[in-house]
1. Out of the residues in segment 46-68 that are at pLDDT 80 or above, out of contact with any Pro (no Cβ under 7 Å at 6 or more places or on another chain) and in a strand (DSSP E or B), which is most open to solvent (accessible area, probe 1.4 Å)?
2. Residue by residue through segment 3-16, note down the ones that are out of contact with any strand residue (DSSP E or B) (no Cβ under 9 Å at 6 or more places or on another chain) and under 17 Å from Ile86 (Cβ atoms).
3. Anything in segment 1-42 that is surrounded by fewer than 17 Cβ atoms within 10 Å (Cβ to Cβ), within 23 Å of Asp92 (Cα to Cα) and of a type in the set (Asp, Glu)? List them, or say none.
4. Can you confirm whether segment 118-125 contains a residue that is in a strand (DSSP E or B), open to solvent by less than 60 Å² (accessible area, probe 1.4 Å) and at pLDDT 95 or above?
5. With (1) part of a helix (DSSP H, G or I); (2) over 27 Å from Arg67 (Cβ atoms); (3) of a type outside the set (Gly, Ala, Ser) as the list, and Asp258 as the residue in question, which single condition is left unmet?
Amino acid sequence: MDTKALKLTAIAATMLDGFVPTSWTPLPPLDAGVRVLLGDGEQQLVASAQIQLDRTADIGSAAEAGRIYEAMYPHADFVWPRLRAITEVDADFFDTSSPTTVTLSDPLPGAPLGDVPIADTARASSLAQALATLHSAAPEPVSDAGFPVEDPSRSQFLILERLDQAASTGRVPSSLLQHWEEEFEKVALWHFLATPIHGSLDETSVYTDQERVLALAEIGRLRVADPAIDLAAASALIDPAALPTFYEEYRNSRPRADEYVIARAELLAEFAVLDWLLEAVDSGDGTAVDDAAELLNSFNDVLFGGSADENASAEAPAADSAAGSADDESSRDEAPRGAAAATAAAATDAPDVEAAITETAPADVFIPGAQPSETASDDDAEFDSEPGSQVRTEPTRESDETDNGEETGWIR
């Protein structure tokens, strides 16, 4: 018998006045550790205990994020977790190293994506529309509530700093280093207004049915930042064949998005491969470092047609030609070299390399052509159900000319 589920049920029964559950059904754990569907004959609620990952801060902020979502997206065609109660229990209750946060919330409709990527254009378009809605709201409610605000120039600086750290390992192909340095130093690429973003999209946070996206979970990492962050994360959840539809629908649904948002998304999707190397180095795991380096070499083959870094060294090409060259008009006409392009190259010229990337990468690395590995049971489809609502998108504010707080019209 699952004693953790029984303990969670006992806690949840005391959390909400008037709710006395008479039935309970264990749910797939996802990231929460333990999840139980409770019912009292009139309503059903989901109790979750965070015992596997240390994301208590995210859960604690999810209630406030839910309130902001309600205010910003009252007519969105997707829903999000609506917390009804939240509490904390001592570490010894679930035999964890720190106190455990327990939440009680309304069920979400549909089921998480799990390890099955979105291959149909209908759901790819639906996800694009959902993100366009998120990114079109004014950022003030998010910043005023105390959620993080990431300045574009600061984000660019931190990325270049990570690139220097990776170069110092000597495990990154020189052609990849040069490619990333040149792209991240283009001034025009970083001329955008930060928007509200989801900030934690993965295979467990996107709920769908067979036709569209019904809900977005894990909203506790709401912040004002580059919308390309969400697009890059979403690209890892979509089959490469459906990516053009996804990007096109996003553009159509958010016509005032900055010119380079797709290019940045593709670049961030590439850069996640390098982040895996940095995480491996930080952990001190030599095997993980070797795996990450092998993945980078394979990715180099995909992007540049086959020379996997004969010249990798601890000294990366110096990033000394930064901003000036980025304003060159020719750079504005270059086609972005992103995840979709790399995937197409892999499928045409290097199928074995793409397979190696898919098998080697961890689940949370957004690799072009790779699929998430963490599974989520379809049982959620049986237990998590509630109707969605109708859509109306929010006023867009996506250029310096419109950053005066005025509404610029409704977009669809």
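The values are calculated or read from the model by the stated rules, or taken from the named source; none is laboratory data. All values reported here derive from a predicted model rather than from experimental measurement. In this analysis, Cβ positions are derived from the backbone assuming ideal geometry, glycine residues included, and neighbour counts consider all displayed protein chains. Note: areas computed on protein heavy atoms with side chains; ligands, DNA, RNA excluded. Shrake-Rupley method; radii C 1.70, N 1.55, O 1.52, S 1.80 Å.
1. Ser48
2. Of segment 3-16, the ones out of contact with any strand residue (DSSP E or B) (no Cβ under 9 Å at 6 or more places or on another chain) are 3, 10.
The one that is out of contact with any strand residue (DSSP E or B) (no Cβ under 9 Å at 6 or more places or on another chain) and under 17 Å from Ile86 (Cβ atoms): Ala10.
3. Asp2 - this is the single residue of segment 1-42 that is surrounded by fewer than 17 Cβ atoms within 10 Å (Cβ to Cβ), within 23 Å of Asp92 (Cα to Cα) and of a type in the set (Asp, Glu).
4. Of all residues in segment 118-125, those in a strand (DSSP E or B) come to 118.
If we keep only those that are open to solvent by less than 60 Å² (accessible area, probe 1.4 Å) as well, we get 118.
After this cut, where a residue has to be at pLDDT 95 or above as well, the list is 118.
Checked segment 118-125: at least one residue is in a strand (DSSP E or B), open to solvent by less than 60 Å² (accessible area, probe 1.4 Å) and at pLDDT 95 or above.
5. The one condition Asp258 does not meet is (1).
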